[in-house]
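Structure first, commentary second.
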Amino acid sequence: MEQQERSIRRIVTAGMLLAVTLLLALTPVGFIPVPTPAGSATIAHIPAIIGGILEGPLVGLIVSLGFGFASFLSPLVPVKDPFVIILPRLLIGVAAAWVYYGLRRARRPALTAVLLVLAVAVLAAAYVVSQSVLWLGIAIAVLALSAAGFGVWWLGRGDTAAVGLAAAAITGSLANTVLVLGAAVVRQVAGITPEVALSIGFMQGIPEAVVSAIIVVAVVSAIRQVGRNRSKL
Amino acid sequence: MARAASLRNASLGRFWPGDSVVHTLDPRVKLCSLGLWTVAIVLASRWWVTAALFLLIAAAYRAARLPRGAAGAVLRPVLPVLAVLAVSQLLFGYQDPAMPGADIGVLEVGAADVSLGRVIGAAIAIVRLLSLVMLVGLLTATTSASALASGMERLLLPLNRIGLPGHELALTGAIALRFLPILGEELEAVQRAQLARDITGGPERPWQLARNARRTAALVVPLFADALQRVDEISTALLARCYQGGRGRTYMRELRLNAKDLISLAISVGLLVIVVVL
């Protein structure tokens with residue numbers, strides 16, 4: 001019975017989040033104005049991240065597949081190569097789920113260590129970038145350091161659950177940016193050279209990651225709140 | 001407010017009941033054909049193949065005998081997107097040197113040098129997108145949600161043989177299709193409510209990243225909360241009705257392929273083959 005209940009819940013959650021994905025991908029609500037040439041960051045990948053966090057990698061995978069199909073059909077996406085549009089996106093929900101389940105039971109020292117490792121990794125990337133474009137490398141380094149400082153401050157407030165959620169959201173969002181652009185470079189999509197991909201990645205990927213972290217933390221803590229209030233009734 | 005009102009039409013398009021050839025085709029055939037035609041549109045490399053496919057889709061609309069304005073209702077939400085795409089393709093689009101007219105200048109504005117080849121390229125990109133949108137619109141205009149769901153489920157059944165959850169995937173898809181318009185209405189209600197509180201109004205300011213994220217969160221968080229609350233209700237309802245998965249389930253609507261279905265499927269396959277060969 002318990003087993004059956006879990007499986008029904010998974011199916012229904014995947015279905016509802018799929019509907020939200022379609023809604024966000026096909027209406028202007030899913031696009032936030034940002035100061036980049038593309039003009040907007042998408043949030044349509046957020047249901048996939050939430051699916052992975054709430055119900056595990058399988059639900060994350062199914063919703064990610066739906067997101068891939070929705071962007072394949074969307075008139076806003078001019079590239080129509082399934083190896084670029086659908087295949088890399090499968091990992092959004094899965095990556096978010098792995099990070100979340102990895103960090104869920106982690107305590108403050110472990111989370112601080114993860115933050116430090118991430119900060120060092122980004123600093124190394126910034127060093128590589130600064131070899132070719134100096135100001136971009138410095139900007140990334142400053143951003144990474146301030147993000148890590150913010151994370152440590154957040155941990156100091158004792159909110160470990162929110163840090164895990166934010167880390168999962170950022171991972172899922174970056175998986176989307178990095179893998180799709182990487183696939184575009186590998187498949188040699190017209191107009192996407194490695195340099196173009198790099199600049200799109202930073203200008204589009206970082207705002208999207210920040211926005212997804214804010215929204216995922218807000219949504220999942222709101223949901224958990226609803227659950228708690230209900231059980232009191 | 002205009003933004004809120006446009007949402008209602010933005011869901012995948014409405015169903016217009018009818019008894020035309022297109023309406024009465026088996027939903028499985030329609031879904032397969034959608035896939036085949038989509039691949040054909042994406043693969044078509046010559047401009048006249050793209051144009052011919054567009055005309056074929058227009059002919060299918062004719063055959064579906066949809067009411068006046070149905071095609072317009074499908075296309076209206078994507079028109080602004082098409083305009084943006086046209087401008088960006090004209091100015092920055094990839095230019096195929098082999099395209100006829102690549103060396104004929106049409107107009108020069110500042111640094112932008114628009115050649116005839118690029119105009120043709122932009123026109124092809126637009127017709128291709130129009131075809132894809134109209135194709136999906138035709139499917140949803142002529143197929144009811146329940147027919148789509150049963151067609152999808154039957155197409156996914158072979159997955160059960162190899163151990164994948166075909167039935168469960170179909171149920172997931174059916175739930176998504178069923179709740180898309182309901183969540184659309186919910187989103188509209190949230191939008192009006194937040195507008196009334198003056199949370200989402202005002203001009204767009206791309207530089208204020210945190211403000212934009214907060215504004216979007218004000219719309220999206222209630223939407224997610226509503227969707228996930230419905231998950232509770234639907235799961236309980238399915239459990240209360242002793243839902244046991246797909247094993248040994250019978251169907252209210254049995255699907256049988258007839259000659260008409262087979263002929264149209266053959267036409268779709270033939271079309272793809274022709275496009276691939278060309």
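The values are calculated or read from the model by the stated rules, or taken from the named source; none is laboratory data. Predicted, not measured: the structure shown is a model, and the values here were computed from it. No Cβ is skipped: glycine too gets one built from the backbone with ideal geometry, and neighbour counts run over all protein chains shown.
What helices (runs of 4 or more DSSP H) completely inside segment A:1-100 contain at least 2 residues that are modelled with pLDDT under 90?
Details: elements: A:2-26, A:46-55, A:57-73, A:82-85.
Filter on segment A:1-100 gives A:2-26, A:57-73, A:82-85.
For the subset of segment B:13-30 comprising residues that are of a type in the set (A, V, I, L, M) and buried (at least 18 other Cβ atoms within 10 Å of the Cβ), which member is nearest to B:P158 (Cα to Cα)?
Only one residue tops the list, namely B:V29.
Would you mention how many residues in segment B:149-198 are free of Cβ contacts under 8 Å to residues at least 60 places away in the same chain, in a helix (DSSP H, G or I), over 23 Å from A:R9 (Cβ atoms) and among the basic types (K, R)?
Selection size over segment B:149-198: 1.
Going by what's in this entry, would B:L130 be described as surrounded by 15 or more Cβ atoms within 10 Å (Cβ to Cβ), under 28 Å from B:G35 (Cα atoms), touching a helix residue (DSSP H, G or I) at 6+ places or on another chain (Cβ under 6 Å) and at pLDDT 80 or above? Quick ask: steps written out before the conclusion?
Details: surrounded by 15 or more Cβ atoms within 10 Å (Cβ to Cβ): yes; under 28 Å from B:G35 (Cα atoms): yes; touching a helix residue (DSSP H, G or I) at 6+ places or on another chain (Cβ under 6 Å): no; at pLDDT 80 or above: yes.
Criteria not met by B:L130.
Check whether at least one residue in segment A:129-141 is modelled with pLDDT under 80 and within 17 Å of the chain's Cα centre (by Cα), and report yes or no.
no
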